[in-house]
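For reference, the structure discussed in these notes is given below.
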Amino acid sequence: MHTHKALKSLALKRADVKAEYDRLDKEFAFLDVFLRARASAGITQAQVAERIGTTQSVIARLESGRGKHSPSLFTLRKYAHALGCRLELRLVNEMQIQKREGRTSRSTGRRKGSLPDSKSMIAAG
């Protein structure tokens, strides 16, 4: 019987699995920020749900990333406020990041330099 670590290592040797894993890594890192913020605030999923007017199971789906639909910015903003936080969004130019990291660039469908290095937008509310 293989350990989880051994199975993960074996699976990640496949290029298609590795690509999907890398794609999802950013999404799960984003969700982890919410989990850490809730833990830091010392409140439960049920308490978050009560504060934003929904159920604990909805919060569990949101935090797991396994819901059928991605949460709206409005929902994420309400979740953040329930934790005493505010939601901030950033657009980051992938071409600039790749150059800094020394990676080869991939086509983004944009003209080179169509976005500045990064733009921040505070999701007010």
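The values are calculated or read from the model by the stated rules, or taken from the named source; none is laboratory data. No experiment lies behind these values; they were computed from the predicted model shown. Counting neighbours? That spans all protein chains shown, and the Cβs are built from the backbone with ideal geometry, glycine included.
Considering region 47-73 alone, what residues qualify as being in contact (Cβ under 8 Å) with a residue 12 or more places away in the chain and within 17 Å of the chain's Cα centre (by Cα)?
Across region 47-73, the qualifying residues are 59, 60, 62, 63, 64, 65, 73.
What do you reckon, is residue 115 under 19 Å from residue 27 (Cα atoms) and either modelled with pLDDT of 75 or more or not in a helix (DSSP H, G or I) (or both)?
So residue 115 does not fit the description; no.
What is the residue count in region 35-81 for residues that are over 23 Å from residue 24 (Cβ atoms) and among the β-branched types (Val, Ile, Thr)? Reasoning before the result, please.
The initial filter retains those residues of region 35-81 that are over 23 Å from residue 24 (Cβ atoms), namely 40-44, 46-56, 74, 77-78, 81.
The next check asks that each one be among the β-branched types (Val, Ile, Thr); those that pass are 43-44, 48, 52, 54-55.
Number satisfying all stated conditions: 6.
So that you can scan it fast, the table gives a plain yes or no per residue for (1) modelled with pLDDT under 85; (2) among the hydroxyl-bearing types (Ser, Thr, Tyr):
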site: 72; (1), (2): no, yes
site: 79; (1), (2): no, yes
site: 85; (1), (2): no, no
site: 98; (1), (2): yes, no
site: 107; (1), (2): yes, yes
site: 110; (1), (2): yes, no
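Within region 29-46, is even one residue over 19 Å from the mean Cα position of the chain (by Cα), modelled with pLDDT of 90 or more and surrounded by 15 or more Cβ atoms within 10 Å (Cβ to Cβ)?
yes
Only one of (1) closer than 24 Å to residue 89 by Cβ; (2) surrounded by 12 or more Cβ atoms within 10 Å (Cβ to Cβ); (3) among the basic types (Lys, Arg); (4) modelled with pLDDT under 95 fails for residue 51. Which number is that?
Of everything listed in (1) closer than 24 Å to residue 89 by Cβ; (2) surrounded by 12 or more Cβ atoms within 10 Å (Cβ to Cβ); (3) among the basic types (Lys, Arg); (4) modelled with pLDDT under 95, residue 51 misses just condition (4).
Against the condition part of a helix (DSSP H, G or I), surrounded by 15 or more Cβ atoms within 10 Å (Cβ to Cβ) and without any contact (Cβ under 8 Å) to a residue 12 or more places away in the chain, how does residue 20 come out, does it pass? Can you show your working first?
Values: part of a helix (DSSP H, G or I): yes; surrounded by 15 or more Cβ atoms within 10 Å (Cβ to Cβ): no; without any contact (Cβ under 8 Å) to a residue 12 or more places away in the chain: yes.
No: the conditions fail for residue 20.
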